Amino acid sequence: MPFNGLGRLGGAWGPWGMRLVHIANYTRRLTRRHYSVVLALVLIMIFIMTGPCCRSSLGVARLNPGPASFAMPLGPVASTMSPIETAEGNPDLQMPTDKPTEDSSGSDLDKVISGPEYCTTWPVDSDGEYTPKPKPIRAMQFDSIAPEGGWKKPEGFKVVAMVFYGRKRNVDILDCYMRQNLVSNGGYLDEVWFMVHTLNEDDIQWLRGFVNETAEYKFFDLGPCAGENFGCIWEFAVEKDVMYIKIDDDILYIHHDAIPQLVHSRLAQPHPYAISAQLVNSPVTALQQYHYGTIHPFLPDPHHHNHRKAAETWRPSELGLYPEAMLPLSGDLMNVNSSYRGHPWLLLTNSSHNTVELTKTPMGAWNRNQGAEQIAFGPAWKSWGIAAQQLYSLLYNLERNQMHRYHFGRPLNFEDAVNDKKPSAATNETTGNSCGAAVQTYHYSGPGGEQLYDMQYERYNLNFFVIWGRDVAAGLPIREDDEEELTSEIPLRLRRPFVIDTRAVVAHQSFYTQREGINQTDLVDRFRAFANENVCAADNLKKPWDGRCDGF
């Protein structure tokens with residue numbers, strides 16, 4: 001006789017037990033057709049819940065399918081500080097507490113919408129629409145090295161920015177910095193030339209429309225040179241009394257003093273062949289920055305998917321500290337894995353005295369093992385993790401208003417290398433140096449050249465530097481590897497060094513060896529947010545824009 005355990009309960013449970021027995025007997029009579037109907041109903045419900053009408057209410061950021069992609073839930077995130085507060089005024093608000101963040105893997109924030117539709121960490125709805133956050137009434141105030149009375153552009157020559165253009169996506173952020181530095185806005189740039197070094201017709205046509213929006217912007221058709229190496233571009237930059245500032249299109253940040261400082265250093269120090277800005281994300285200066293205290297202990301978010309709401313923000317302190325319980329015990333720090341697309345990097349500690357934590361980061365590992373390669377092509381050129389740590393450190397230094405950390409170097413005395421012939425007060429004159437190479441000197445006294453770093457004829461990156469047109473002409477023809485030519489070979493031949501002005505700080509997004517990893521972070525979103533808040537005009541605020549995303 002079949003055993004009926006429920007019958008033993010008796011009393012009030014007896015009738016319920018009998019009902020369950022009837023249900024069990026009924027389910028045995030269900031056919032495969034019944035199960036198919038139920039399954040179809042479940043699938044229909046899932047389709048309805050994930051349809052466009054529901055997605056628009058959730059407001060997810062979108063991306064075409066890609067590896068390790070995800071979608072972020074939207075909703076405003078309150079800033080932990082006022083935009084006008086600085087580390088000087090209230091360091092407790094500016095920096096995270098020295099407590100690890102809790103692993104919120106079980107929280108509501110961790111229940112994100114999974115899917116292949118991510119392209120930005122900003123709050124963009126499912127139709128690709130985004131409303132820029134209004135500019136603060138009073139922007140954050142940053143220290144300046146400008147002389148008393150402010151910067152004033154010297155007269156008698158033109159300053160032209162030469163943007164080596166290849167990708168429209170990158171120019172969007174750069175546009176705000178170029179406009180900020182135009183003479184018409186109180187800056188030093190008379191013109192901005194976009195040197196079109198691409199055969200992509202979409203990028204070319206976009207640029208034609210873009211330059212028409214600003215009178216000082218010029219479209220430069222390079223002809224056959226557009227499909228060749230970079231060396232031929234320099235044939236367009238030979239007007240002798242023009243100061244050319246070469247700028248790569250993937251520059252993410254230009255300090256407000258950088259361009260004036262470079263111009264004045266070029267005048268104050270006529271002997272060096274060319275003068276570069278100090279690059280954030282360059283192997284040579286990265287190692288110096290590490291030892292001079294500009295680098296902070298950052299590691300990628302250890303979570304495997306996003307657990308934060310979308311927000312337009314750039315301040316690293318708002319992320320909290322790295323969860324101590326999730327610190328990696330081992331692994332190749334210089335070749336870290338990406339957590340997920342759009343992930344941030346987190347501070348291990350906010351204590352400037354706890355330098356031990358730096359040894360647990362990509363740059364700490366590189367400092368201990370710099371490799372046998374030439375530094376320009378060593379681990380810091382290859383590793384996206386080393387690049388990311390430099391760029392997040394820059395954002396943290398900006399947040400704390402501590403850009404003076406980058407100002408290493410010293411005044412360099414080149415008097416023994418230059419003929420002492422003095423220029424007249426009325427005209428600019430060319431004098432010879434001890435090696436017979438022409439050097440232009442100006443009747444100049446003013447700021448510039450206070451903290452230089454001599455590359456000693458070793459290779460440096462050409463992402464952002466200033467040079468006279470006459471000096472370009474003296475080095476022509478420039479061969480295929482213009483970086484090696486302009487920073488090492490020509491300076492050595494002319495006995496005129498290539499130097500770095502450490503007071504002129506700019507940020508470089510990535511080398512091609514780093515691009516895939518950097519694109520997995522939220523760095524572009526953060527530098528765009530910084531530009532919107534502190535650089536872009538109110539009528540020129542930038543939206544999330546990515547060629548991979550429909551509607552941007």
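The values are calculated or read from the model by the stated rules, or taken from the named source; none is laboratory data. Note that the structure is predicted; figures quoted are calculated from it, not measured. All Cβ positions, glycine included, derive from the backbone under ideal geometry; neighbour counts span all protein chains shown.
Couple of notes before you dig in:
- Filtered residues of region 460-489 (kept if surrounded by 18 or more Cβ atoms within 10 Å (Cβ to Cβ), farther than 21 Å from residue 283 by Cβ and either among the polar types (S, T, N, Q) or more than 30 Å from the chain's Cα centre (by Cα) (or both)): 471, 474, 475
- Counting only strands (runs of 3 or more DSSP E) that sit wholly inside region 266-354, not one has at least 3 residues that are farther than 20 Å from residue 505 by Cβ.
- Among the numbered conditions (1) more than 22 Å from residue 267 (Cα to Cα); (2) surrounded by fewer than 21 Cβ atoms within 10 Å (Cβ to Cβ); (3) touching a strand residue (DSSP E or B) at 6+ places or on another chain (Cβ under 8 Å); (4) of a type outside the set (Val, Ile, Thr), the only one that residue 153 does not meet is (1).
- Residue in region 311-320 that is surrounded by fewer than 24 Cβ atoms within 10 Å (Cβ to Cβ), of a type in the set (A, V, I, L, M, F, W, C) and modelled with pLDDT of 95 or more present: yes
- Taking the criterion of being of a type outside the set (D, E, K, R) and surrounded by fewer than 24 Cβ atoms within 10 Å (Cβ to Cβ), the residues of region 229-242 that qualify are 229, 230, 231, 232, 233, 236, 237, 238, 242.
- Matching entry among 511, 530 (being of a type in the set (Phe, Trp, Tyr), under 15 Å from the mean Cα position of the chain (by Cα) and in a helix (DSSP H, G or I)): 530
- Failed item, numbered, when residue 130 is tested on (1) at pLDDT 75 or above; (2) on the phi > 0 side of the Ramachandran plot: (2)
- Residues of region 232-261 that turn out to be small (Gly, Ala, Ser) and either outside any helix (DSSP H, G or I) or touching a Leu at 6+ places or on another chain (Cβ under 9 Å) (or both), as a count: 1
- Output for region 201-214, where each listed residue is free of Cβ contacts under 8 Å to residues at least 12 places away in the same chain and of a type outside the set (D, E, K, R): 204, 205, 209, 212
- Screening residue 523 on (1) under 15 Å from the mean Cα position of the chain (by Cα); (2) over 16 Å from residue 338 (Cβ atoms) shows it passes everything except condition (2).
- Residue within region 390-397 that is part of a loop (DSSP other than H, G, I, E, B) and modelled with pLDDT of 85 or more present: no
- Residue 174 being hydrophobic (A, V, I, L, M, F, W, C), at pLDDT 95 or above and buried (at least 20 other Cβ atoms within 10 Å of the Cβ): yes
- For region 222-232, the count of residues that are free of Cβ contacts under 8 Å to residues at least 60 places away in the same chain and farther than 29 Å from residue 490 by Cα is zero.
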